[in-house]
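Q: Dropping the structure in here first, questions after.
The values are calculated or read from the model by the stated rules, or taken from the named source; none is laboratory data. Small disclaimer: the values here were computed from a predicted structure and weren't measured. Don't worry about glycine lacking a Cβ; one is built from the backbone with ideal geometry, like all the others, and counts go over all protein chains shown.
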Amino acid sequence: MRLKAGCEMTLEASDPCPAVGMLCPRSGVAQWLTSETYLFEPQVHNTEYVDTYGNRCLRFVVPRGQMRLRVEATVETEDTITVDWGAPPTPIAAVPDDVLLFLLPSRYCPSDKMAGRAEQMVAGWAPGYAQVEAIRAWIHRYISYVYGVSGPTTDAINTLESGAGVCRDFAHVGIALCRSVRIPARMVVGYLHGLDPMDLHAWFEAYLGGRWYTFDATQEQPRGGRIVVAYGRDAADVAFISNYGDLKVVGLSAWVLRDDVAGT
C-alpha cells in the first residue's frame, strides 16, 4: 500500500523558541520512505539528527509570532499487520540489549505499580502474544475514548482510574501492563490510514518471539496502513513538537491518503 501522509501546524511564540520536531518517517522493515517535502513559513534554518531510538528529528528555532510548518511523505507500507497467536514470550536472558530498557518503568508507564492488575488480565491466556492481545482487548472494551479528560501529566494509572482517555493514554496502559508481566513494550506514533476522525495517532508494540508486533487498543480489529514516525518508552520520548520556551500550537491538521487517490 502506498500512502501519502502529512501534517500542517501553526506554531506561535512570544519570543524566539528553540524546538525539535519529530515529524519525519524513516524507512524500515515494514515501510519504505519514497519521498518527502517540508515547508517552513517563514523559512528558518533547520538541521536533522537521529535520537537514541533511531527517530529522525528536526531542530529549528520558531521566530517571534506565528510560523507555519508542513511535512508530507509518501511511504510504501504493509496493508495488514502480522498477527501470530502462537508467538511466545522472549526469555529475558535472550532479550536484545537495546530492547531491555522497554521492560523498565517510565514516566507515563509506572509498570512497577501495576503487576497485580496485569496478572489478573492475562490469567488463563497462553504466555506471549495471546496475553498481549488479552490486554489490548480489555483496554478497548473498558477504556472509553474521550477527548479532554487527560493532560500532559496523565499516566497509565490515572487512565485506569478515570476509565477514559485518547490514543496516547490507551497506548500507555497497554505498555505498562505488558511490562508488568515482563513483556517488553514500546510506544509508537505516526499515521493510520482510515482513522476517524483523522489525526496524528499513537499505539504500542510488544516484543515477542524475537520480533516486534503491533497492537492498537483504539481499534476493534488489527489494521494495517500505518506509517511509523517515532518509537520511544512513552509519550515523553515521542512528542511531535518539543519546545524549549513559550510555544503554542494554534492549528493542526493531518491527512493520510492512498497515493492513487492523491493522484500522484
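Q: Given (1) in contact with a Leu (Cβ under 9 Å, 6 or more places away or on another chain); (2) farther than 23 Å from Thr159 by Cα, identify the lone condition not met by Gly209.
A: So Gly209 meets the others, but not (1).
Q: Between Gly28, Gly54, Gly21, which is surrounded by fewer than 12 Cβ atoms within 10 Å (Cβ to Cβ) and not hydrophobic (A, V, I, L, M, F, W, C)?
A: Gly54
Q: Within region 218-235, identify whether any single residue is among the acidic types (Asp, Glu), within 14 Å of the chain's Cα centre (by Cα) and more than 20 Å from Glu36 (Cβ to Cβ), and answer yes or no.
A: yes
Q: Condition first: under 24 Å from Ala235 (Cα atoms), surrounded by 13 or more Cβ atoms within 10 Å (Cβ to Cβ) and either of a type in the set (Gly, Ala, Ser) or under 19 Å from the mean Cα position of the chain (by Cα) (or both). Now tell me which residues in region 83-104 satisfy that.
A: Selection gives Val99, Leu101, Phe102, Leu103.
Q: Taking Gly194 as meeting all but one of (1) out of contact with any Gly (no Cβ under 9 Å at 6 or more places or on another chain); (2) surrounded by fewer than 16 Cβ atoms within 10 Å (Cβ to Cβ); (3) not assigned by TED's automatic domain parsing to the domain that holds Arg26, write down the number of the exception.
A: (1)
Q: Could you grab me the full set of residues in region 1-55 that are β-branched (Val, Ile, Thr), under 23 Å from Ser253 (Cα atoms) and assigned to a strand (DSSP E or B)?
A: Those that are β-branched (Val, Ile, Thr), under 23 Å from Ser253 (Cα atoms) and assigned to a strand (DSSP E or B): Thr10, Val20, Thr34, Thr37.
Q: Could you list, in sequence order, all residues of region 87-111 that are farther than 12 Å from Arg186 by Cβ, in contact (Cβ under 8 Å) with a residue 40 or more places away in the chain and not in a loop (DSSP other than H, G, I, E, B)?
A: Correct list: Pro89, Ile92, Ala94, Ser111.
Q: Related question: Tell me yes or no: at least one residue of region 170-185 is among the basic types (Lys, Arg), modelled with pLDDT of 95 or more and crowded, with 21+ Cβ neighbours inside 10 Å.
A: Checked against the condition, which is being among the basic types (Lys, Arg), modelled with pLDDT of 95 or more and crowded, with 21+ Cβ neighbours inside 10 Å, region 170-185 yields at least one hit.
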